[in-house]
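The values are calculated or read from the model by the stated rules, or taken from the named source; none is laboratory data. Bear in mind the structure is a predicted one, so any value in this text is a computation, not a measurement. Glycine also receives a Cβ, built like all others from the backbone with ideal geometry; neighbour counts cover every protein chain displayed. For the accessible areas, the whole protein counts, side chains as well, though only heavy atoms, and no ligand, DNA or RNA atoms are used. Shrake-Rupley method; radii C 1.70, N 1.55, O 1.52, S 1.80 Å.
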Amino acid sequence: MEIRTKDDAWRLLLVLFLGQLVAFSMAACSFASSFIANLGVDAPLAQSFCTHLLLTLVYVPILLRRRQKLRIPWYWYLVLAFVDVQGNYLVTEAYQYSSITSVTLLDCWTVVWAIILTWYALGTRYSFWQFLGAGTCVAGLALVLLSDANTPDAQDPNKIPLLGDALVIAGTVCYAFSNVGEEHCVKKNDRVEVVAMLGLFGVLVSTIQVLIFERKSVEAIVWSPTMISLFAGYGIAGFMFYTITPFVLEMSGATLLNLSLLTSDMWAVAIRVFFYQQQINWLYYLAFAVVAIGLIIYSLNESSSADA
């Protein structure tokens, strides 16, 4: 009993540590995207390319070394990668118009869309308390929209907060489709193949879209050491997120993952206060508290392993 208790304790500490790494990687992506946007660079697809390139360079050689045929047709991975790239594009583009705190809080909309998709697509059923938790999250997110509508960005009059919020919500729809599709693939396959193929087709999709939509923006970038570091940092943080998340889900499920990701919102507020020297509207703190309560209610009453 004593040995088992110690093993469980170390396992719990490991899961908590990995959960914080996931939350840190998300906050790092948000910081890099926000910093790049503040420098006047609008290249979200190029940022997404960096993440998928790292995933390809690391996981595709591992997959090739196995010399196994794909267990899932390649075109499904292409669809998933396309949706994932669009989600990254929309959310990253939102930093051109909205604040880092609004973007990170509105990311929670992914949970709501995933509930709807898993209900109809995968047949997952949720309890009353889970719906109550999701509804509480929506109420908190509504406070973010209210704050952005009533309080213009004093630091940059060119910001359009409501447009940024709309882009984030659209991006979360793509994230939800991607998450549900990845969940379905992982149940029939291993993590390496899924992550490797997402990286490979993500590079293909993002490269084509960069050449079509962002070629002039990329050519206009002044590649200073700071800019190179920001793009590299975004790619590494995204690589960490895609790599560690499956382990956290496997070891503890979505409950601890969702609770861990709450800290990314806290870090986003800290980044805005300490790095950007910006004032935070009091509605942001209220919104974060409401969203946190909603996610806790939803996570603690989780009844299905197919949770988004």
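The table below lists the values:
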quantity	calculated
Restricting the range 164-202 to residues that are among the hydroxyl-bearing types (Ser, Thr, Tyr) and within 10 Å of LEU80 (Cα to Cα), the residue that is least open to solvent (accessible area, probe 1.4 Å)	SER178
Condition check for ILE100: farther than 25 Å from GLY40 by Cβ, at pLDDT below 75, within 22 Å of the chain's Cα centre (by Cα) and hydrophobic (A, V, I, L, M, F, W, C)	no
Matching option when the condition is modelled with pLDDT of 90 or more and not in a loop (DSSP other than H, G, I, E, B), among ALA37, ALA114, ALA81, ALA32	ALA81
Pick from the range 67-91, criterion in contact (Cβ under 8 Å) with a residue 12 or more places away in the chain and among the charged types (D, E, K, R), ranking: most open to solvent (accessible area, probe 1.4 Å)	ARG71
Test: residue in the range 48-57 that is β-branched (Val, Ile, Thr) and under 16 Å from LEU200 (Cα atoms)	yes
Residue in the range 8-15 that is at pLDDT below 85, more than 25 Å from ILE169 (Cβ to Cβ) and surrounded by 15 or more Cβ atoms within 10 Å (Cβ to Cβ) present	yes
